[in-house]
1. Answer yes or no: is there a residue in the stretch 38-51 that is touching a strand residue (DSSP E or B) at 6+ places or on another chain (Cβ under 7 Å), at pLDDT below 75 and not in a loop (DSSP other than H, G, I, E, B).
2. Would you mention how many residues in the stretch 118-138 are outside any loop (DSSP other than H, G, I, E, B) and modelled with pLDDT under 90?
3. Please verify whether the stretch 85-108 includes one or more residues that are among the hydroxyl-bearing types (S, T, Y), assigned to a loop (DSSP other than H, G, I, E, B) and either modelled with pLDDT of 90 or more or surrounded by 15 or more Cβ atoms within 10 Å (Cβ to Cβ) (or both).
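The values are calculated or read from the model by the stated rules, or taken from the named source; none is laboratory data. Worth saying up front: this structure is predicted, and the values here are computed from it rather than measured. With ideal geometry, Cβ positions are generated from the backbone for all residues, glycine too; neighbour counts draw on all protein chains shown.
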Amino acid sequence: MTHFRFRSLAVAALLVPCAGLSGAAAQDGPPPAIVLAEPPGPVADLTIAGHIDRIEIGREIVMEGWGLLSSAFPDSGAGLPGSVRIHSDLDLRGIAARRVERPDVVAAVGKPDLLFSGFVITLVPARAMPPGGFTLCVTTDDPLYGRFRMHDNPQVPCPLNQK
């Protein structure tokens, strides 16, 4: 029997603009960026949607991309805004995230509520990158669109046979 030890079973980043706080004046801008870090898990059955456009792997891992993340705010009746989930065997010390405008996604997909479907995520590993590599799967979970996984990419290693 194989045992896995996850030092940080869940690390989350929630960056909320002023408009997302109760009692704050409404203003235009991106919805909160919610990122959850989870141990590797099965994602093979998820439909592919979204893309990691750029990734830099160094002392930190910086990913830029887009996913099916609606612009719904919690007070819109849709519940919590969509989240990006990082499934990794890396021991993460921190995560920074922000949602960004993606008018190109709106034009390609034809859905105006995907204007803030873009994201920039920085992962800060607790230690140096393991010499044997690591697992990094990226999925989105949105109250309006559901759950999807990002396109496979050689620089974003997401083996589909995880258990």
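1. Checking the stretch 38-51: at least one residue is touching a strand residue (DSSP E or B) at 6+ places or on another chain (Cβ under 7 Å), at pLDDT below 75 and not in a loop (DSSP other than H, G, I, E, B).
2. 3
3. The answer is no; no qualifying residue exists.
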